[in-house]
Structure formats: structure tokens, C-alpha cells
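Trainee: Structure in C-alpha cells, see below.
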Amino acid sequence: MMLNLYNTLSRRKEVFKPIKRGAVGFYACGPTVYSNQHLGNYRTFILNDLLKRALVREGYRVKHIMNVTDVGHLTGDNLGDADVGKDRIEESAKREGKSALEVAKYYTDAFLGDLRVLNILSPTKLVKATAHIKEMIALIRTLEKKGYTYTIKDGVYFDTSKFKSYGKLSQQTGGKRAGARVEPVAGKKNPADFALWKFSKPNEKRQMEWKSQWGVGFPGWHIECSAMSMRYLGKTFEIHSGGEDHIAIHHENEIAQSEAATGKQFVKYWVHGRFMMVDGKRMGKSEGNAFIPQDLVAKGYNPLSFRYLALGSHYRARLNFTWEALSGAQSALHKLYHDFALFGFIGKESGKKGDTKKYEKAFFASVNDDLNISKALAVVHELIADNKVSAILKRKLLLEFDNILGLGLNNSDKLAKPPAEIRKLVVERERSRIHKQFTKADTLRAKIEKLGYIVEDTSEGPFVWPTKM
Ligand code: AMP
Ligand code: ZN
């Protein structure tokens, strides 16, 4: 089968073709590790994950590089100008009374923990900005030699007017940006010009600063992604992804820096996920409406319910987060676990009857149609409901589907193993039934239910399932 992918650059779905047969270079913009990543961020990371799983299924070796921004991402960028404001990591360090290094390490570890919790496969390599300052300086030097830079009091800037196709990704010209609410840096030649290297201020002692031929300072935010992606994936690679906020500025700038430096096309396919919203506003740390995976756990949700919620809507549509929607997703996931475990319970007797080919085809056709996962989920439900297909075959195919979905189906069998106390009551109930003591059996069933389990009588005996996840 072929993977069709919507490319922001061409604004249409394209058949994915790698540069070299069988291999894919995939760079995904990663977290800024100054605080916890929120559910909006994780929606984008789940998109990366689905894309990677789909590529692997198609037989590609995927080299997935993700950056960790541990320096240089300023507070101004959400306001429309990345070159103003304070360094987020340095600010967090001050607030938390830690070193910048400690802050970055703490939130990187938290991020890795959350990836595991959400069943997001780790990148092939997670690369830190602060470990690639040398590469960034080298790239800025190349740009300088080629005449793309100028230096002002604030730092070394990229002159976007020199890069003729500037704006091609977001199809805007001249660098005039809607929504820019801050005064740009004084001395910038064009509004869209951006910092490659920022100078430390004379009156400021930064924790993270480096010497360079232009002066002591730190890299601009955009240069890290160009330097690190090309370092690990080469001058031209297949896929680059991020959230929709990255299209107009961050990725536009990455293209400008990289293509100006190499004279080659930087990335073939640009993939962008739309925002997770709350009440019509983007979910964001600075918006004050952000939830993190730990909030889900604290409220009694299985974090994978969030993954299920994310799978239910297409990545190119915005998704409004509500607790009701999450509860709905949790119920649906709980039901899926139930069915999967039940198929296992009755599986041995069910034999290998039924035609699963059409489900397999429909499922992967949806996945390969620009990751139409909600449609793939509909196929899952059709398969489950098909009485002509035996439990054992359903289970086998569901497991294969779960290589894409990542819902942790193989963990559901554990849920069907209640504690000893419940098992004892179930045995007692069985005994009562066999001896036709139905009132007693019913009383026991009610008792079991009170303790949070339901009993279903099957051809293989009683199947016991927790009422809540
Ligand atoms: P950041 O740590 O802010 O650099 O964000 C990490 C990733 O999450 C980037 O790819 C952003 O585009 C993405 N992102 C940020 N906010 C949201 C949101 N509300 N919904 C979806 N993705 C987001
Ligand atoms: Zn980036």
C-alpha cells in the first residue's frame, strides 16, 4: 500500500516517496523543557507517533530525530516575535531556584515519562540544543559567508529579504505577520528577520552563554532545528513535523536558514497538526488553560483515554478538549479492552473462522489516507461486531491494528484477572448456580458488582471484568 500524506508545502495530499529506498529521515520539533508539556503538545506528539508507526508498518526504517530546546526559546515568540522576551529556561530556573541545567533535566525526564504513559514511541535520538552549539555556530558562519546575515546591537540576524522564496510554506510575503502584538527588535531590516545568535546583555549574567566570533551569547531558537536536523538527517530529508503554530514562523525560518546555507531543498514533506483547544482558545501554558498528563491521573483517568480521544479526530482539524469528551473516550477504550480480553477468554473454543481480509485492508487504507485514524477506529468497531469472525481471529487482527493505534490492548487481559477476594466470590456464585441456588447466586453477583466487577457467563465459564478502569 502507499502512504498518502498532506504536505503543507504543496497544500495537497501527496504519495509519500522516500529519497532513498526503504529509509525515512523524520525530524519532529520537540519540547521546550522549561515546564511540563501539556495535552495540546501531546496531541502533536501523538501525531508524530502515528505517522512513525504508519511508516514502520509500510516497511520503512525510520530515523526519528527530536530536539529538546534547552536554551534560546524566548517568551515573546507566542506573541509573534521570537526575538524578544526572556529565555524560558533561565526564567524557570530563577523561579524554581534551580540551575538551568537542573530545570532542563527535570522536565526532559518528565517528558520521557509522559511519552511512556501515552504509549508514544521514543525518538531514535533525542538531541539537546545545548549539545549542538558548535553545529549552530558553523551554520551561522556559512550563512554569514554567503551574505545572508547582518549584525545589530541585539545579535546576528538573518536577512529574509535575501532569501527569495521566504514565506513559501505559509504562503505569505514580506514578513508582515497577522497577530504580531509586540514591538520588533530595534535595527531589524525586515519585520520577518530573525535572530541567529543573540548577545548576552552587558548587565545580565546568563547561566547559559557561549563564546562566538560575534560575541558572547546564545543561539536563536530557530537555528537549533536546522543545525540538528541536518546534522543527523542530511541536507535534504523526508519529513518534518510540528504544530500549526510553527508553520508561519519557526518552520519558515528553518527553511530559509537551511536552504540558504546548502542551496538544496531542506525537507520534502511538511506535516502540521492543528491545535488542541479549550473553549475556543488554543491550549497553552501561557493561556493558563493547559492540563498535563498527571492531571488526568489525579482525576482518575487512564492517560491512554487521552490518546484514544486524540485518535478520534483528524490531525488536520482542531480538537476541543472537554472532560466530557475525555470520559466518553475512556468508556470507549474500556469497552475495547473488555472486548479484547473477552475474545481471549473465549478464544480457544472459537476456532479460526471468518474473513478478516476486508477489515485489514480497510483499516490500513484509512491509516494510509493521511492518517485517517478515526475511520480506522470505525473499522475496529465493525470487526468487533462481526459475528461471523471468530474471537481468536479478531484478537489477532486487533493486536496488529494496535501496532498503529498504540492503545495498549495487550494489557487488557490483566484487567480480567480480579483480586483473590473477587475470584472467591465468583467461584461461590458458580457453585450456587450449578446447584440451582439462584437467589444465592444473584445475591453474590450483586455483591461482586458492589465491589466493582461484573460477571458475564460465557461458554468458557464466568468472565469477570472491572466496571471502571
Ligand atoms: P513547545 O514546547 O511550545 O515548543 O511545543 C511543542 C510542540 O507542541 C510543538 O510542535 C507545538 O507546535 C505543539 N503545540 C503547542 N501548543 C499546542 C496545542 N494547543 N495543540 C497542539 N499542539 C501544540
Ligand atoms: Zn523546531
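Trainee: Within the range 263-277, restricting attention to residues that are in a loop (DSSP other than H, G, I, E, B) and not basic (Lys, Arg), which residue is surrounded by the fewest Cβ atoms within 10 Å (Cβ to Cβ)?
Mentor: First, the residues of the range 263-277 that are in a loop (DSSP other than H, G, I, E, B): 263-266, 274-275.
Filter once more, keeping what is not basic (Lys, Arg): 263, 265-266, 275.
Numbers: Gly263: 9, Gln265: 14, Phe266: 23, Phe275: 20.
So the residue we want is Gly263.
Trainee: So which residues in the range 233-249 are out of contact with any Gly (no Cβ under 6 Å at 6 or more places or on another chain) and either among the hydrophobic types (A, V, I, L, M, F, W, C) or within 13 Å of ligand 2 (Cβ to nearest atom) (or both)?
Mentor: At the first step, the residues of the range 233-249 found to be out of contact with any Gly (no Cβ under 6 Å at 6 or more places or on another chain) are 234-236, 239-242, 244-249.
Of everything in the range 233-249, those that are out of contact with any Gly (no Cβ under 6 Å at 6 or more places or on another chain) and either among the hydrophobic types (A, V, I, L, M, F, W, C) or within 13 Å of ligand 2 (Cβ to nearest atom) (or both) turn out to be Ile239, His240, Ser241, Gly242, Asp245, His246, Ile247, Ala248, Ile249.
Trainee: In the set Asn48, Asn36, Asn41, Asn67, which member is in contact with a Cys (Cβ under 8 Å, 6 or more places away or on another chain) and within 11 Å of ligand 1 (Cβ to nearest atom)?
Mentor: Working: Asn48 fails: in contact with a Cys (Cβ under 8 Å, 6 or more places away or on another chain); Asn36 fails: in contact with a Cys (Cβ under 8 Å, 6 or more places away or on another chain); Asn41 fails: in contact with a Cys (Cβ under 8 Å, 6 or more places away or on another chain).
Sole residue among the options that is in contact with a Cys (Cβ under 8 Å, 6 or more places away or on another chain) and within 11 Å of ligand 1 (Cβ to nearest atom): Asn67.
Trainee: Regarding the range 62-74, can at least one residue be identified that is under 21 Å from Phe401 (Cα atoms) and either away from ligand 2 (no atom under 16 Å from the Cβ) or outside the structural domain of Tyr106 (by TED's automatic domain parsing) (or both)? Show your work before the answer.
Mentor: Step one: list which residues in the range 62-74 are under 21 Å from Phe401 (Cα atoms), which gives 62.
Still in the running and either away from ligand 2 (no atom under 16 Å from the Cβ) or outside the structural domain of Tyr106 (by TED's automatic domain parsing) (or both): 62.
Yes, the range 62-74 contains at least one residue that is under 21 Å from Phe401 (Cα atoms) and either away from ligand 2 (no atom under 16 Å from the Cβ) or outside the structural domain of Tyr106 (by TED's automatic domain parsing) (or both).
Trainee: Can you confirm whether Gly113 is farther than 23 Å from Tyr232 by Cβ, within 23 Å of the chain's Cα centre (by Cα) and either assigned to a loop (DSSP other than H, G, I, E, B) or at pLDDT 95 or above (or both)?
Mentor: Numbers: farther than 23 Å from Tyr232 by Cβ: yes; within 23 Å of the chain's Cα centre (by Cα): yes; either assigned to a loop (DSSP other than H, G, I, E, B) or at pLDDT 95 or above (or both): yes.
It is true that Gly113 is farther than 23 Å from Tyr232 by Cβ, within 23 Å of the chain's Cα centre (by Cα) and either assigned to a loop (DSSP other than H, G, I, E, B) or at pLDDT 95 or above (or both).
Trainee: Confirm whether Leu169 is modelled with pLDDT of 95 or more and assigned to a loop (DSSP other than H, G, I, E, B). Show your work before the answer.
Mentor: Values: modelled with pLDDT of 95 or more: yes; assigned to a loop (DSSP other than H, G, I, E, B): yes.
Judged against the criteria, Leu169 is a match.
Trainee: Hey, another quick one. Restricting the search to the range 362-378, which residues are assigned to a loop (DSSP other than H, G, I, E, B) and either touching a helix residue (DSSP H, G or I) at 6+ places or on another chain (Cβ under 9 Å) or over 13 Å from Ala54 (Cβ atoms) (or both)? Please lay out each step first, then the result.
Mentor: First, pick out the residues of the range 362-378 that are assigned to a loop (DSSP other than H, G, I, E, B): 370-372.
Hits for the range 362-378 are Leu371, Asn372.
Trainee: What number of residues within the range 55-106 are assigned to a strand (DSSP E or B) and modelled with pLDDT under 80?
Mentor: The first filter runs over the range 55-106 and keeps only residues assigned to a strand (DSSP E or B), leaving 61-69, 74, 87.
Filter once more, keeping what is modelled with pLDDT under 80: 74.
Total satisfying the criteria: 1.
Trainee: While we're on this one: List the pairs whose first member sits in the range 240-265 and is farther than 21 Å from Leu51 by Cβ, whose second member is part of a helix (DSSP H, G or I) and of a type in the set (Lys, Arg), and whose Cβ atoms are under 7 Å apart, counting only residues at least 6 apart or on separate chains?
Mentor: The qualifying pairs do not exist here.
The values are calculated or read from the model by the stated rules, or taken from the named source; none is laboratory data. Values in this document were obtained by computation on a predicted structure and should not be read as measured data. Don't worry about glycine lacking a Cβ; one is built from the backbone with ideal geometry, like all the others, and counts go over all protein chains shown.
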